Amino acid sequence: MTLLMLAGLAAGAFLFIELLRKFPMLPLLLASLAAAVVWDFPRLPPLTSVGGITVYPQDALIICLIVIWLAFTERAPRLWPRLLFLLLAFLISFGLMLGIVDFGIAQAVNESRIIVWVLVILAWFSRFRAQEINLDGINRALMATGWVLVGVAFYHAARYGLGGAGQIRRLGDGSISTSRILVSGQAMILVACLCSQMNVYLRRPNFFSAVSIVSFLLVIVAAQNRSTWIAAAIGILVILVLLTGKSISRALIFFQSFLLVQLIALTLGLWDPIFDALGQSATDTRTYESRTSGWSELIALQAESGITSIMFGQPFGTGFSRIDTNGQSINFAPHNWYVLILLRVGVLGLLAYLAIVIVVTRKLFRRDVEPMFAAIWLSLAAYCWFYSIEWYMAPIAGICVAVAYSSINSQSNSVQAPCSEAVSPRRQGVSNEC
């Protein structure tokens, strides 16, 4: 029976690997499906347990991506991006080995997942070639994801109410979660969907894109997550800054019309039922103050552990025990991706990750790149100051990495730029014919 089970798992893994090789965008679809249900099901059901380690669907995905990365080197990116990811892989492996020795394999592996899942997915997308990036397909996928999340938000609002920043709900396993209509990760994905639809509308104005923009924006506001408000503002600002030609006038007309409608709604009192809740969420700073206090405490504890911990990070499994501003002991990971990277892969790992962020940002500001990618990437970078990246958000960040690195890969392999009738608003007089 055990042999049959192992044979079945091996066959399933082989088929999944072949699917990933044939459809490299498959992680985006899987992540979108997970994002749709994460409010109601924060943890996906486990597949199995091996040596005391619970194996989740995300683990299976990550293992398959790593196998493809190692086994099919003809698709590897150029040397310098590969070196950055290899440095991060070395630091993670080093921290994982120390954690296994000090705390046991289960505790070390469980704590490493949040970082490993994200970085492996980003590395996966860095291998993309230019001709594999279908802009219209990405926009359609983000549009569909956005409307699914709008439906999820309306369902939660109808059943549970709008919730608020200071309210929580207790899950069946005893943990707590937000009472708002979307969790922060869902709201951030909706910000990416908003940037995508803005990009589509400013290239080719159409009614459905306009409705999508308004709907996505209103749900982001109603979700009452200040970090995603900031992320959305940054994304919109980046798109507006990068606009040229007719796109500028289209944007002005659209936002003037939107503001006029909102002023009429305020005058008629249509926003009154939720205006107080939005105001309370906007002014409640207690959670942020508690977070910053925890970050400082964790970084101070790391510094006290010595130069090795500072440069290479503390072993996985160390935990994040600290005292919050209410005097309670807490041990969950800090809600700051950069602090989390610093704590577990040290200054070297943080510098390597920031190097990736900076280089991708620079590449995304090229004139031949759609403004939506820079907007999504920078809004995610801002969001990471307030939260960690969840695995289901990583493929959207990965698309930005793919767009940035595809130019490097295409230059080194003589691959022609992707052909699409969806041409950047910044490109003037460029033919779309292939």
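Tabulated data
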{"quantity": "Count - residues of segment 1-36 that are of a type outside the set (Ser, Thr, Tyr), open to solvent by less than 60 Å² (accessible area, probe 1.4 Å), touching a residue at least 12 places away in the same chain (Cβ under 8 Å) and not in a loop (DSSP other than H, G, I, E, B)", "calculated": "11"}
{"quantity": "Residue count for segment 17-39, restricted to those that are farther than 20 Å from Asn139 by Cα and more than 19 Å from the chain's Cα centre (by Cα)", "calculated": "6"}
{"quantity": "Residue within segment 148-155 that is hydroxyl-bearing (Ser, Thr, Tyr), open to solvent by less than 20 Å² (accessible area, probe 1.4 Å) and within 22 Å of Glu390 (Cβ to Cβ) present", "calculated": "no"}
{"quantity": "Matching entry among Ser281, Ser227 (being at pLDDT below 70 and surrounded by 13 or more Cβ atoms within 10 Å (Cβ to Cβ))", "calculated": "Ser281"}
{"quantity": "Residues of segment 354-381 classified as surrounded by fewer than 23 Cβ atoms within 10 Å (Cβ to Cβ) and assigned to a helix (DSSP H, G or I), total", "calculated": "11"}
{"quantity": "Pairs where the first residue, in segment 300-317, is on the phi > 0 side of the Ramachandran plot and the second is open to solvent by 20 Å² or more (accessible area, probe 1.4 Å) and not basic (Lys, Arg), C-beta under 8 Å, 6+ apart", "calculated": "Gly313/Leu342; Gly317/Ile100; Gly317/Asp102; Gly317/Phe103; Gly317/Gly104; Gly317/Gln107; Gly317/Asn110; Gly317/Glu111"}
{"quantity": "Flag for Gln107 being touching a residue at least 12 places away in the same chain (Cβ under 8 Å), closer than 20 Å to Val401 by Cβ and either of a type in the set (Lys, Arg) or open to solvent by 40 Å² or more (accessible area, probe 1.4 Å) (or both)", "calculated": "no"}
{"quantity": "Members of segment 111-146 that are surrounded by 18 or more Cβ atoms within 10 Å (Cβ to Cβ) and not aliphatic (A, V, I, L, M)", "calculated": "Glu111, Ser112, Trp117, Trp124, Phe125, Ser126, Arg127, Phe128, Arg129, Asn139, Thr145, Gly146"}
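Per-residue answers, yes or no, for (1) touching a Ser or Thr at 6+ places or on another chain (Cβ under 9 Å); (2) within 24 Å of Gly313 (Cβ to Cβ):
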{"site": "Val38", "(1), (2)": "no, no"}
{"site": "Pro42", "(1), (2)": "yes, no"}
{"site": "Arg82", "(1), (2)": "yes, yes"}
{"site": "Leu87", "(1), (2)": "no, yes"}
{"site": "Phe90", "(1), (2)": "no, yes"}
{"site": "Asp102", "(1), (2)": "yes, yes"}
{"site": "Arg113", "(1), (2)": "no, yes"}
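Yes or no, residue by residue, for (1) open to solvent by less than 30 Å² (accessible area, probe 1.4 Å); (2) modelled with pLDDT of 95 or more; (3) among the aliphatic types (A, V, I, L, M):
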residue	(1), (2), (3)
Leu301	no, no, yes
Gly306	yes, no, no
Gly317	yes, no, no
Asp324	yes, no, no
Gly327	no, no, no
Tyr338	no, yes, no
Leu348	no, yes, yes
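Per-residue answers, yes or no, for (1) in a helix (DSSP H, G or I); (2) at positive phi:
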site: Ala210; (1), (2): yes, no
site: Val214; (1), (2): yes, no
site: Leu217; (1), (2): yes, no
site: Gln224; (1), (2): no, yes
site: Ala231; (1), (2): yes, no
site: Gly235; (1), (2): yes, no
site: Leu240; (1), (2): yes, no
site: Thr244; (1), (2): no, no
site: Phe254; (1), (2): yes, no
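The values are calculated or read from the model by the stated rules, or taken from the named source; none is laboratory data. These numbers come from a predicted model, not from an experiment. Reconstructed Cβ throughout: ideal geometry from the backbone, glycine too, with neighbour counts over all protein chains shown. Accessible surface is based on the protein model in full, side chains and every heavy atom, while ligands, DNA and RNA are left aside. Shrake-Rupley method; radii C 1.70, N 1.55, O 1.52, S 1.80 Å.
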